[in-house]
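Asker: Before we start, here is the structure in question, set down as structure tokens.
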Amino acid sequence: MNASIGSSDTPGTARASSSQTQDAVLRNLHTLSESTQHLSDPLKERYPQVPWRSISAFRNVVVHAYLNISIEQIWTIIERDLPPMQQQVARIMGDLHIE
């Protein structure tokens, strides 16, 4: 998950300036959201605090509405939504005894 965030001390506009960086970030977010669709329903039900449907919906936007994505919205997601998700994933992995 850290691969898509970039350096935390780099301002969002500087990180977003490269189209290669934008493509890489979108690809990582797509992979992340796609991966959640392969988790079992019982696992998702065990962690209702994770916004599974929103993550799935985001995947659909990345795949089907690629040209309408605002890079500013993507950086907001990275800065606002990914840190709590990292904590949730760490908790899930700990509960499942996965390193």
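Nothing in this text is a laboratory measurement; each read-out follows from the coordinates by a stated rule. Keep in mind that this is a model prediction, so the values were computed, not measured. No Cβ is skipped: glycine too gets one built from the backbone with ideal geometry, and neighbour counts run over all protein chains shown.
Asker: Only helices (runs of 4 or more DSSP H) wholly contained in the stretch 13-85 count here; list those with 3 or more residues that are closer than 20 Å to LEU96 by Cβ. Please lay out each step first, then the result.
Answerer: Numbers: elements: 19-36, 41-46, 52-64, 71-76.
The helices (runs of 4 or more DSSP H) meeting that bar are 19-36, 41-46.
Asker: Could I ask something else about it? In the stretch 39-59, is there at least one residue being touching a residue at least 60 places away in the same chain (Cβ under 8 Å) and loosely packed, with under 14 Cβ neighbours inside 10 Å?
Answerer: No, the conditions are met nowhere in the stretch 39-59.
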